[in-house]
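Before any comments, here is the structure.
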Amino acid sequence: MGAGFVFVFYYLGVREMWTMKGLTNIPEDMKFLASVATKHLRKDGIKYDYSPNSLHEIDQLFCEFHDEGCLPDEMGNSIFCAGAYVGEVIRRVHGGQWVLEEDGAYRLDVGNGVLCNPIAKVEKLLANGMQDSTHAFFVGLDAIVRARKGGRYEG
């Protein structure tokens, strides 16, 4: 399953798109990259609906890659697209804006002083397994954002 996931991202030309476009419209490019992940994953019979619970599927998939011994250097496109998906889940719940930081990292600014890096979280999930769950990342981030806004996540 892992090799097919990497192949599809390579086959779809995502790497070439990044090089050619240079992510010139970061918010739209991140939405596009997230949609690339959802289209491929739906072919595997998994529905990615941008809900917080769908992050369990990202966790399961990347933990399988971790268990297979896949390395982040081998899966850059997959990490980037899955990270864009995780960020879009967060953005759809809390709003926010994708930004390119001075260090070259793409982060999501959800406001109230909260900045997160979903792409790095997916890379850590691949490297470390379930201890770096994207769903747990969402729940923790959600608690911080809601505390600053005066509410809480009930999911």
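Descriptive notes on the structure:
- Some residue of the range 106-118 being farther than 20 Å from Asn25 by Cβ and in contact with a Phe, Trp or Tyr (Cβ under 7 Å, 6 or more places away or on another chain): no
- Glu102 being in contact with a helix residue (DSSP H, G or I) (Cβ under 9 Å, 6 or more places away or on another chain) and among the charged types (D, E, K, R): no
- Test for Leu126: is it on the phi < 0 side of the Ramachandran plot, in contact with a Pro (Cβ under 8 Å, 6 or more places away or on another chain) and touching a residue at least 60 places away in the same chain (Cβ under 8 Å): yes
- Failed criterion for Gly151 (all others in (1) more than 25 Å from Asn25 (Cα to Cα); (2) modelled with pLDDT under 90; (3) assigned to a helix (DSSP H, G or I) hold): (3)
- Lone qualifier among Val99, Val93, Val86 - being at pLDDT 95 or above, out of contact with any Leu (no Cβ under 6 Å at 6 or more places or on another chain) and surrounded by fewer than 20 Cβ atoms within 10 Å (Cβ to Cβ): Val93
- Residues that are assigned to a helix (DSSP H, G or I) and touching a residue at least 60 places away in the same chain (Cβ under 8 Å) were ranked within the range 62-75; the one that is surrounded by the most Cβ atoms within 10 Å (Cβ to Cβ) is Phe62.
- Criterion violated by Ser51 - all others in (1) touching a helix residue (DSSP H, G or I) at 6+ places or on another chain (Cβ under 8 Å); (2) surrounded by 18 or more Cβ atoms within 10 Å (Cβ to Cβ) satisfied: (2)
- Residue match in the range 68-81 (condition: under 15 Å from Gly129 (Cβ atoms) and under 11 Å from the mean Cα position of the chain (by Cα)): yes
The values are calculated or read from the model by the stated rules, or taken from the named source; none is laboratory data. If you're wondering where the values come from, they're calculated on a predicted model, not measured in any experiment. With ideal geometry, Cβ positions are generated from the backbone for all residues, glycine too; neighbour counts draw on all protein chains shown.
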